[in-house]
Amino acid sequence: MPLKILSVASEIFPLIKTGGLADVTGALPGALAAENLEVHSLVPAYPAVLAALAQAATVAEWPDFFGGPARILAGTSAGLALFALDAPHLYGRSGNPYVAPDGQDWPDNPQRFAALAYAAALIGRGAIPGFVPDVVHAHDWQAGLAPAYLHYAGGARPATVMTVHNLAFQGQVPAGLLAALRLPPHAYAIDGVEYYGAIGMLKAGLALSDRITTVSPTYAEEICSPAGGMGMGGLLRARAGVLTGILNGIDTKAWDPSADPYLPSPFTAASLDKRAANKAALQARLGLAPRPGALLFGVISRLTHQKGMDFLLANLRGLLAHGAQLAVLGSGDADLEQALAEAQGDHPSRVAVASGLDEELAHLMQAGSDAILVPSRFEPCGLTQLCALRYGALPVVSRVGGLADTVIDANEAARAAGVATGIVFAPASAGGLRHALHRAAALWADQRDWVRLQRAAMEADVGWTTPARKYAALYRESVRARQT
Ligand code: ADP
C-alpha cells in the first residue's frame, strides 16, 4: 500500500498562485506519485479553485466551521487530487488570496488559515474515511497550525512535516484569538504556539511538527543563524536534528525550451542559435531596440526589498553603460515600481518594465534574455534561476540560500572544468551586483565561452525527480519514527 500524504497549502499552481509556493505545491504531488506515494492536496476553495473543479463530490461537512458552514469537495484538476475546503464566508473572494481590494490583508486571515489547518487536522484524524493520511505535510504559515491541532488533539495521529518556503512570512496573530482559533489554553506556551506575546502560526508548526524542511541546504543553515533566523533562529537551532534542506525543482515539462508553446522559436542546447528569434520577439514585444548584440538582462520577480531590486536600481546607469538592455517582469513595492517606470521613461529603447503576473511573458523572457538577474538579499530556494538554467539564460545571482546551491560561479577553476553555469556574487549588495555586472559584460564579449556556459547550464538537474526522492525518504522515515 502506498503511503498517503496530505499536502496542505494556501496556493497551488495552476489554480491559484502568488509565488514559488504554488509552483512547489503544484508540482511535487506529481513527482511523488513516481515514488509510490498517494498525495492529496488540501487548499481553500477560492472561486478560482471552485471553477477548476468541475465534478466534485462532498466528502465531509461541518455546519459551524469558523463562523459558517463548510464542506470538503474532492475532485481532480490539472492532474492534482484535490480536497477543496469550501467555506464561502472565508474564501468566497476573488483575486489575491491574502489581500483585500484596498491593498490590506484580509482582517480575518487568522481565521481563514487556521480553518485550513484545522480541516487538515480533521482529515488527519479520519474525517474522510477513504483517505486517512500517514503524513500531513504543512506548507508555510498558512498551514502552520495543522501540526499544532494534531499535537493538542492527542491520541493516534499521522506524522507531521512542516516546510518553510520563506521564513519572512510568519503569520503572527493576536494572542486574544486563541479560543477563536480553537486552540486549547495550554497551547499558549513557549513550547507551543506562543511567539513574542502573540500566536505564531509558523512558529507553532516549527515547534510541534515531527520534521521540518526548508527549500535548500544553504537556507537550512541560514535560518539557524541569529541574522537569518528572523526571530526563529533559537527554536530552529534547538530543532536542527529534525531540520533538512531539500532543493525545489521546476516542472521540466512546463519549462521545456524544446517544446514550449509560448516560444516563437523552440530550441535545445544543440540549437542555441535559435534563441536569437526569441530575443528578437522579446525586444519587439517590450519595445526594446532590436539589437541582437546587446546583452539583454531579464528580471522576473516580485519587486521587493528581499529580491534586491534596489541593488538593481542603484546599478542601472552602469548596466546601460555596458550597452546592455534590461527587461523586468513583476509587481511589488510602489517605490520600486515607480523607479523602474521612470527608468523606462528615461530609456525606452533599453529598459522595459511589464507588470502583473504573466506566465506567457515569463517563458519568453527566459528564452529571449541572455542573462537573468536574481540579486536577492535572501532567497530560500528561488525558482527563476532554475528556469533560467534550463533555458540557457545565464543566472547572475547573489550567493545566498538556494541561489548559492544551484548556480556554479564562472570562476577560473569552474570554467576550466567546464562546470560553470552562471555568475554568483557576494556580498548581496549594490556593490556586489556592480562587480557581477562587469563580469557578465566581460563574459558576453567572449561568445564562445558564453555558449559553453549556456550548454552547461542547460544540463543542470533542475527537475523534481531528485527532490521527490528525498521527500519520499523523509516521509517514510517520519512514519517509521512514529511507529517506534
Ligand atoms: P518567490 O519568493 O516570489 O516565491 P521564487 O523564485 O521562489 O520567488 O518563485 C517565483 C516564481 O514565480 C518564479 O518561477 C518566477 O519566475 C515566477 N514569477 C515571478 N514574478 C512573475 C511574474 N510577474 N509573472 C510570471 N511569473 C513570475
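The values are calculated or read from the model by the stated rules, or taken from the named source; none is laboratory data. Being a predicted model, the structure only gives us computed values, none of them experimental. With ideal geometry, Cβ positions are generated from the backbone for all residues, glycine too; neighbour counts draw on all protein chains shown.
Before moving on, here are some points about what is shown:
- Members of the range 26-41 found to be under 18 Å from Arg469 (Cβ atoms) and either within 16 Å of the ligand (Cβ to nearest atom) or not polar (S, T, N, Q) (or both), listed by number: Ala27, Leu28, Pro29, Gly30, Ala31, Leu32, Ala33, Ala34, Glu35, Leu37, Glu38, Val39
- Selection from the range 324-335 of residues that are more than 12 Å from the ligand (Cβ to nearest atom) and not in a loop (DSSP other than H, G, I, E, B): Gln325, Leu326, Ala334, Asp335
- Sole residue being outside the structural domain of His139 (by TED's automatic domain parsing) and either of a type in the set (Ser, Thr, Tyr) or in a helix (DSSP H, G or I) (or both), chosen from Arg439, Arg476: Arg439
- Close pairs (7 angstrom Cβ cut-off, 6 or more residues apart or separate chains): without any contact (Cβ under 8 Å) to a residue 24 or more places away in the chain in the range 285-311, among the basic types (Lys, Arg) and more than 16 Å from the ligand (Cβ to nearest atom) anywhere: Pro292/Lys279
- The conditions of being in a loop (DSSP other than H, G, I, E, B) and more than 16 Å from the ligand (Cβ to nearest atom) are not met by Ala168.
- Enumerated strands (runs of 3 or more DSSP E) restricted to the range 341-407, each holding at least 3 residues that are over 17 Å from Leu433 (Cα atoms), away from the ligand (no atom under 13 Å from the Cβ) and modelled with pLDDT under 95: none
- Check on Ala9, away from the ligand (no atom under 16 Å from the Cβ) and either modelled with pLDDT under 95 or buried (at least 22 other Cβ atoms within 10 Å of the Cβ) (or both): no
- Helices (runs of 4 or more DSSP H) enclosed by the range 213-323 - at least 1 residues per element that are more than 16 Å from the ligand (Cβ to nearest atom) and exposed (fewer than 15 other Cβ atoms within 10 Å of the Cβ): 233-238, 275-286, 316-321
- Among (1) under 24 Å from the mean Cα position of the chain (by Cα); (2) within 21 Å of Leu383 (Cβ to Cβ), the one test that Arg275 misses: (1)
- Pairing each residue of the range 213-231 that is over 16 Å from His139 (Cβ atoms) with any residue that is part of a loop (DSSP other than H, G, I, E, B) and of a type in the set (A, V, I, L, M, F, W, C), provided the two are 6+ apart or on different chains, yields C-beta distances under 6 Å for Gly229/Ile223; Met230/Leu167.
- Of all the numbered requirements in (1) without any contact (Cβ under 8 Å) to a residue 24 or more places away in the chain; (2) of a type in the set (Asp, Glu); (3) within 16 Å of the ligand (Cβ to nearest atom), Asp446 misses one, and that requirement is (3).
- Within the range 324-343, being closer than 23 Å to Gln104 by Cα, of a type in the set (Gly, Ala, Ser) and surrounded by fewer than 16 Cβ atoms within 10 Å (Cβ to Cβ) holds for one residue alone: Ala334.
- Residue match in the range 419-432 (condition: surrounded by fewer than 24 Cβ atoms within 10 Å (Cβ to Cβ), among the small types (Gly, Ala, Ser), away from the ligand (no atom under 14 Å from the Cβ) and under 21 Å from the mean Cα position of the chain (by Cα)): yes
- Residues that are out of contact with any strand residue (DSSP E or B) (no Cβ under 9 Å at 6 or more places or on another chain), touching a residue at least 12 places away in the same chain (Cβ under 8 Å) and hydrophobic (A, V, I, L, M, F, W, C) were ranked within the range 169-190; the one that is nearest to Thr214 (Cα to Cα) is Phe169.
- No other residue among Tyr91, Tyr118, Tyr98 is surrounded by 15 or more Cβ atoms within 10 Å (Cβ to Cβ), of a type in the set (Ser, Thr, Tyr) and under 20 Å from the mean Cα position of the chain (by Cα) apart from Tyr98.
- The set of residues in the range 344-359 that are surrounded by fewer than 17 Cβ atoms within 10 Å (Cβ to Cβ) and within 27 Å of Gly401 (Cα to Cα) comprises Ser355, Gly356, Leu357, Asp358, Glu359.
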